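*Asks:* Supplied in structure tokens, the structure appears directly below.
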Amino acid sequence: MPAHRHLVPPRADRGHLKLTERELRHWGEELGRSISPPLLVTLTGELGVGKTTLAQAICLGYGVREEITSPTYALIHEYRAPKSAVFHIDLYRLDSPDQLTNLGWDEIVSSRSLILVEWPERAGERLPDDHLPIDLDYALADPGRRILLAG
């Protein structure tokens, strides 16, 4: 399934849409501090672009104190934070949205939690409309930065 791609605004190079990893982490922590559950956040972008890095920063800002690792092979990691549970979900290895049932998808998305979903396009029509989309992309002329589009 192809990832959803945003049209990069023509002035992105001059704005603050291009972030270093440090700036991306800072932005993610600030977002995490401002979140109130329930909220589903989708993280879209190519392999290696920084989706898990951003998820880790959001979790840290949200109050998760345990080590936050990639759920690529486990598919779901659940963490505890003062405000709510946090579900970090990676759908990269799913072949079909039908496989979400075995993951407890319906229960998770209806919980009063923070839910971070990498590769959300693999959820198909089972992805709720009411979510915060965040897209990361490589800055072609600057390999040390990422383009961030949110909302």
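Every residue, every condition in (1) in a helix (DSSP H, G or I); (2) surrounded by fewer than 19 Cβ atoms within 10 Å (Cβ to Cβ), yes or no:
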{"site": "Arg25", "(1), (2)": "yes, no"}
{"site": "Ser36", "(1), (2)": "no, yes"}
{"site": "Leu40", "(1), (2)": "no, no"}
{"site": "Val64", "(1), (2)": "no, no"}
{"site": "Ile68", "(1), (2)": "no, no"}
{"site": "Leu100", "(1), (2)": "yes, no"}
{"site": "Asp106", "(1), (2)": "yes, yes"}
{"site": "Glu121", "(1), (2)": "yes, yes"}
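*Asks:* Is it the case that the stretch 86-97 has a residue that's in contact with a Phe, Trp or Tyr (Cβ under 6 Å, 6 or more places away or on another chain), crowded, with 20+ Cβ neighbours inside 10 Å and of a type in the set (Phe, Trp, Tyr)?
*Replies:* No: zero hits.
*Asks:* Within the stretch 108-119, count every residue that is part of a helix (DSSP H, G or I) and either surrounded by fewer than 21 Cβ atoms within 10 Å (Cβ to Cβ) or touching a Phe, Trp or Tyr at 6+ places or on another chain (Cβ under 8 Å) (or both).
*Replies:* Number satisfying all stated conditions: 1.
*Asks:* Evaluate the stretch 43-52: report whether one residue or more is open to solvent by 40 Å² or more (accessible area, probe 1.4 Å), in contact (Cβ under 8 Å) with a residue 60 or more places away in the chain and of a type in the set (Asp, Glu).
*Replies:* Looking for residues that are open to solvent by 40 Å² or more (accessible area, probe 1.4 Å), in contact (Cβ under 8 Å) with a residue 60 or more places away in the chain and of a type in the set (Asp, Glu), one finds at least one in the stretch 43-52, hence yes.
The values are calculated or read from the model by the stated rules, or taken from the named source; none is laboratory data. None of the values given here were measured: they were computed from a predicted structure. No Cβ is skipped: glycine too gets one built from the backbone with ideal geometry, and neighbour counts run over all protein chains shown. For accessibility, only protein heavy atoms count, side chains too; no ligands or nucleic acids. Shrake-Rupley method; radii C 1.70, N 1.55, O 1.52, S 1.80 Å.
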